[in-house]
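The values are calculated or read from the model by the stated rules, or taken from the named source; none is laboratory data. In this text the structure is predicted, and so the values were computed from the model without any measurement. Every residue, glycine among them, receives a Cβ derived from its backbone with ideal geometry; neighbour counts consider all protein chains shown. Each accessible area value is taken on the protein alone, full model and side chains, heavy atoms only, with ligands, DNA and RNA left out. Shrake-Rupley method; radii C 1.70, N 1.55, O 1.52, S 1.80 Å.
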Amino acid sequence: MKFKDMPYERVDFAQAEKELRQLMEEFDQAKSGEEQFKVHEKFYELDDRVSTQMTIAHIRYDVDTTDEFYSKEHDYYNENRPVYVNLALEYQKKLYASPYRDYLEKKIGPVAFKNMELAEKSMDEKLIPLMQEENALTTEYNKLIAGAKIEFDGQVLNLSLLRPYMVHSDRNVRAQAHKKRGEFFLANAEKLDEIYDKLVKNRTAQARAMGYENYLELGYYRMRRNCYGRQEVENFRRQVKADLVPYAEKLHERRRQRLGLEKLSYIDNSVYFKEGNPAPFGSPEEILAAGQKMYAELSSETKEFYDFMMENELFDVLGRKTKRAGGYMTYMPVYNSPFVFANFNGTSGDVDVITHECGHAFQGYLSGKDPIREHSEITMETAEIHSMSMEFFTQKWMPLFFGDRAEDYIEMHLEDSVAFIPYGCMVDEFQHIVYGNPDMTPGERHAAWLELEKVYRPHQDYGDDPFFGKGGFWQQQQHIYNSPFYYIDYSLAQTCALQYKVKMDADFDEAWKSYLKLCRLSASDYYTNMIREAGLMSPFEDGCVKNIVEKLEKYVK
């Protein structure tokens, strides 16, 4: 079914509660594991209906944050979603404590039960008012960012539409664009600090209400870190500092020479060639059509997936002034339909959407056919492997988008992929500092960010910019406000994607078989087990990052 034709009806949470409590009664009365599993299949059906309606409302709000109807729906779900989540947890507790646990675990897998344990540690009815407040604060932040009105080049632009000027080949143009962006953030600096300070204190209060010292432990539970913890993450960051930061700095130096600059400035962060970054040619419709040709040739599985997406109009990629910033893939289980949301702006990032977000959507499309819903509940460090690796698997088709600058794009993409990992680790370490010290002042948070810049991005130079130069860069990173502790997942996944880059250079077909296997494993096993089964090295394992750098050194030479 086309997205525009999908009917929307506000979820009646009173009715949902009635149905769920009925299911709990049936579950308690069941006389065998088989009977309980039949009740659980009814839970799948209810949860699919609820999540599909919430997702439709979420998308329709994001495509136009000024839409009065869906703005009210968005507020309604911010208010009521925590109540439903808590009720679903009550049901899961019965599943977890079932006398027929052995049978149920064989049906839905041990990972699902571990996740139930983590869910119980991360949610309680008493948190609902705090979670409602948290939702309101993140909505306030997102509206502030989405509502940017920046006068530039005779137009009024939002942050997404300003992006092409920020990577312009004319350094004066991008300097002015960055100055305008900085002015927007500086004008809103007090509000940004206020929102974040409230979020940190809110999340800390949630943690303490659950008996934890601070939000670090609760944050890990909420990210469903079911097979690793802070020690493993710290070891990964240690490897990145020791082995990958020096390699990334070599790539930045090569980029500096290519640009013919005496010194790199932050306005050059995303610029790779003197003549400008390669940009895709053609309209958004032509880019989507080129994607259809690419996926038809990549594999029979990707052809089926992408044809389904196009036929059912499951892309919203045009940048608009009232559209939420950023991009994502989400999923509507009733229709087995992924949905890709993005803001095309004429840069190479438009093609990244067709590769990255479609990597997510492809895996979602595959896992949606699995009748065991828990198998599709992948954790983020696994999900991002699917997307980031797809960026590499599709590179032989880049001439469809960039013509004779395809090789420039491939070179730029590799450099950007390597440079990202230290940044992702920096975001993660920053959040560990902030939530480990929740009483820090806004000024102390900004100072902590600047200190981390020296470790992870020593080349970075903000000059005399009054906002970014004072340690404010992190405030444009939406994950820090919306999804605490998410960002390290990107760095872990990029480490695996770079392993696929090395593998496909040696044997593309074997690398693709490994990738398909990982996609189909979904969440049927733990992350650390699945990547080994797919033939990858764990990023937590000593020597992993060093091994990758050694394999990639040839791209510098």
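With (1) β-branched (V, I, T); (2) farther than 24 Å from T139 by Cα; (3) touching a residue at least 24 places away in the same chain (Cβ under 8 Å) as the list, and V39 as the residue in question, which single condition is left unmet? Unmet condition: (3). Scanning segment 532-557 for residues that are closer than 17 Å to I385 by Cβ and touching a residue at least 12 places away in the same chain (Cβ under 8 Å) gives E533, A534, G535, L536, M537, P539, F540, C544, V545, I548.
Picking from residues in segment 150-171 that are assigned to a loop (DSSP other than H, G, I, E, B) and without any contact (Cβ under 8 Å) to a residue 12 or more places away in the chain, the one that is surrounded by the fewest Cβ atoms within 10 Å (Cβ to Cβ) is G154.
Test V418 against the stated conditions and say whether it is aliphatic (A, V, I, L, M), closer than 20 Å to V167 by Cβ and open to solvent by less than 10 Å² (accessible area, probe 1.4 Å).
Details: aliphatic (A, V, I, L, M): yes; closer than 20 Å to V167 by Cβ: yes; open to solvent by less than 10 Å² (accessible area, probe 1.4 Å): yes.
Yes.
The conditions of being in a helix (DSSP H, G or I) and over 21 Å from H58 (Cβ atoms) are met by K114. Looking only at segment 538-557, residues that are at pLDDT 95 or above, in a loop (DSSP other than H, G, I, E, B) and open to solvent by less than 50 Å² (accessible area, probe 1.4 Å) come to 4 in all. Taking segment 1-41 as the range and being assigned to a loop (DSSP other than H, G, I, E, B), open to solvent by 30 Å² or more (accessible area, probe 1.4 Å) and within 23 Å of Y77 (Cα to Cα) as the test, the residues that pass are P7, Y8, E9, R10, D12.
Just so you know, in segment 203-253 the residues that are under 30 Å from N547 (Cα atoms) and in contact with a Lys or Arg (Cβ under 6 Å, 6 or more places away or on another chain) include one that is least open to solvent (accessible area, probe 1.4 Å), and it is N226. A search for C-beta distances below 8 Å between a residue of segment 86-111 that is closer than 16 Å to K42 by Cα and any residue that is buried (at least 16 other Cβ atoms within 10 Å of the Cβ) and among the polar types (S, T, N, Q), counting only pairs 6+ apart in sequence or on different chains, returns L95/Q36; L104/Q36; L104/S98.
Pairs linking a residue in segment 446-473 that is on the phi > 0 side of the Ramachandran plot to a residue that is part of a helix (DSSP H, G or I), with Cβ atoms under 7 Å and 6 or more positions apart or on different chains, are G463/G469; G471/H446; G471/A447; G471/W449; G471/L450. Restricting attention to segment 373-398, which residues are surrounded by fewer than 18 Cβ atoms within 10 Å (Cβ to Cβ) and either farther than 21 Å from Y295 by Cβ or β-branched (V, I, T) (or both)? Scanning segment 373-398 gives a single hit, E377.
Annotation: M390 fulfils all but one of (1) assigned to a helix (DSSP H, G or I); (2) in contact with an Asp or Glu (Cβ under 8 Å, 6 or more places away or on another chain); the unmet one is (2). Residues considered: K503, K513, K517. Of these, the only one that is loosely packed, with under 15 Cβ neighbours inside 10 Å and in contact with a Gly (Cβ under 9 Å, 6 or more places away or on another chain) is K517. Looking across segment 343-365 at every residue that is of a type in the set (D, E, K, R) and in contact with a strand residue (DSSP E or B) (Cβ under 7 Å, 6 or more places away or on another chain), the one that is nearest to P399 (Cα to Cα) is identified as D350. Going residue by residue through segment 436-453, is there one that turns out to be part of a helix (DSSP H, G or I), of a type in the set (V, I, T), surrounded by fewer than 20 Cβ atoms within 10 Å (Cβ to Cβ) and in contact with a helix residue (DSSP H, G or I) (Cβ under 9 Å, 6 or more places away or on another chain)? So far as segment 436-453 goes, no, none of its residues is part of a helix (DSSP H, G or I), of a type in the set (V, I, T), surrounded by fewer than 20 Cβ atoms within 10 Å (Cβ to Cβ) and in contact with a helix residue (DSSP H, G or I) (Cβ under 9 Å, 6 or more places away or on another chain). Restricting the first member to segment 313-339 and to residues that are closer than 16 Å to P284 by Cα and buried (at least 19 other Cβ atoms within 10 Å of the Cβ), and the second to residues that are among the hydroxyl-bearing types (S, T, Y) and modelled with pLDDT of 95 or more, the beta-carbon pairs closer than 9 Å and six or more apart or on different chains are L314/S337.
In segment 461-529, counting only helices (runs of 4 or more DSSP H) that sit wholly within it, the ones holding 3 or more residues that are modelled with pLDDT of 95 or more and among the polar types (S, T, N, Q) span 488-506. Evaluating D370 against the criteria (1) buried (at least 22 other Cβ atoms within 10 Å of the Cβ); (2) more than 18 Å from the chain's Cα centre (by Cα) leaves one unmet condition, (1).
Output the residues belonging to segment 450-478 that are under 22 Å from D197 (Cβ atoms) and among the hydrophobic types (A, V, I, L, M, F, W, C). Break it down stepwise before answering.
We begin by selecting, within segment 450-478, every residue under 22 Å from D197 (Cβ atoms); these are 450-453, 466-478.
Answer for segment 450-478, where residues must be under 22 Å from D197 (Cβ atoms) and among the hydrophobic types (A, V, I, L, M, F, W, C): L450, L452, F467, F468, F473, W474.
Listed by first and then second residue, the pairs with beta-carbon distance under 7 Å, at least 6 apart or on different chains, first residue in segment 172-195 and within 20 Å of W449 (Cα to Cα) and open to solvent by 40 Å² or more (accessible area, probe 1.4 Å), second outside any helix (DSSP H, G or I) and aromatic (F, W, Y), are L186/F467.
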